[in-house]
1. Starting at the first residue of region 79-96, write each ³J(HN,Hα) from the Karplus equation 6.51 cos²θ - 1.76 cosθ + 1.60 with θ = phi - 60°, in whole Hz, x for Gly and Pro.
2. I need the shape label for the chain. Rule: rounded when a/c is under 1.5, else prolate if a/b > b/c, else oblate, with a, b, c from the alpha carbon gyration tensor.
3. Under a Cβ-only charge scheme (Lys and Arg +1, Asp and Glu -1), can you give me the dipole magnitude of the chain about the Cα centre, in debye to the nearest 20?
4. I'd like the Karplus ³J(HN,Hα) series for region 143-154: coefficients 6.51, -1.76, 1.60, θ = phi - 60°, whole numbers in Hz, and an x wherever there's a Gly or Pro.
5. I need to check one value: relative contact order of region 36-183, counting alpha carbon pairs closer than 8 Å and at least 6 residues apart, in percent.
6. Put +1 on the Cβ of every Lys and Arg and -1 on every Asp and Glu Cβ in region 26-130; which of S127, G93, N76 then has its Cα farthest towards the positive end of the dipole?
7. Just how far, in whole angstrom, is region 151-181 from region 59-98 if you go by their alpha carbon centroids?
8. Net charge near S220: determine it from the other residues with C-beta under 14 Å of the C-beta of S220, scoring Lys and Arg +1 and Asp and Glu -1.
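Where a number appears in this text, it was derived from the coordinates with a stated rule and is not lab data. Keep in mind that what you see is a predicted model, and the values were worked out from it rather than measured. Cβ atoms come from the backbone with ideal geometry, glycine included; neighbour counts cover every protein chain shown.
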Amino acid sequence: MLIRRVLLIALLVLPAARAGATDYTDIWYLPAESGWGVNVVQSDNFLFITFFVYGSDGKPTWYVAQVTQDASGNFNGTLYSATGTYFAAPWVGDVVSVAGTASFRPTGPSTATLVYTAIGAPTVTKSIQRQTLTSIALGASYTGGQAGQYSGCTDPAQNFLYKDTFDLQVTQQTDNSVTFAFTYPGLTCTLSGNLVQRGKLYSVPAATYVCSSGLNTAASMSEIQATAQGIEGRFSAPSVGGNCSEDASFSAVLL
């Protein structure tokens, strides 16, 4: 049963606005090679990456990279090495030199391929993921907004963009089960399943999506994270009636 929502006529006739993008800021590592990794800090389409790796002598080696996103969604740029003043001495300066090239290629919200080549060394290619430091509490009451779309419908008139407001109650259990209970104007929906955490992001790969309209289907949730003011995330349901699929992003502040 398709959920009827507020139709955004303006968005159907005007050029599409920039879609929300994944923020890759986090600590990234390769679990099988714990002991090295990279810190990624994102600003718009730019990443600043610091490497904690080791030289051929086994000693810590300092590299940084400045990479910019290209049309394919990958980030490419220059690798630098740096030397500077001994940390316990008065600062007298540093020397930064071009050391090679670097590329951060996302393969999902929480996974990427890191490729870098330092001058005089072979190219290194690693499959990395966000590193989880601690569990992050999500359970709370929120209020916010949601934007999404129905697509692939048998009836073309059912394909549209929508927006909604909601109150949200998130119940997070110690066994990683979670329920997102959305109360929209005239409609209630719950998404429930088991949380999977990587770094600062949670996902619910196999969620149950049930609404007071009679909808009862499968869905997935991704890029769920606690923010300074509340919570945000995405969900996708491949079958919500009429051969339609639904994809949505939501954001809310704490009550």
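1. Karplus-based 3J(HN,Hα) across region 79-96 equals 9, 10, 10, 9, 10, x, 6, 3, 4, 9, 10, x, 5, 10, x, 9, 10, 10 Hz.
2. Values: a/c = 2.55, a/b = 2.06, b/c = 1.24.
It is prolate, given that a/c is not under 1.5 and a/b is the larger ratio.
3. Values: 11 positive and 15 negative charges, 17 e Å.
The dipole of the chain has a size of about 80 debye.
4. In residue order, the calculated couplings are 9, x, x, 9, 10, x, 8, 9, 8, x, 6, 4 Hz.
5. On the way: 272 pairs, mean separation 16.3, N = 148.
Contact order relative to length: 11 percent.
6. Working it through, the farthest residue towards the positive pole turns out to be S127.
7. Using only Cα atoms, the two centres lie 42 Å from each other.
8. On the way: positive: R234; negative: E223, E246, D247.
In short, -2.
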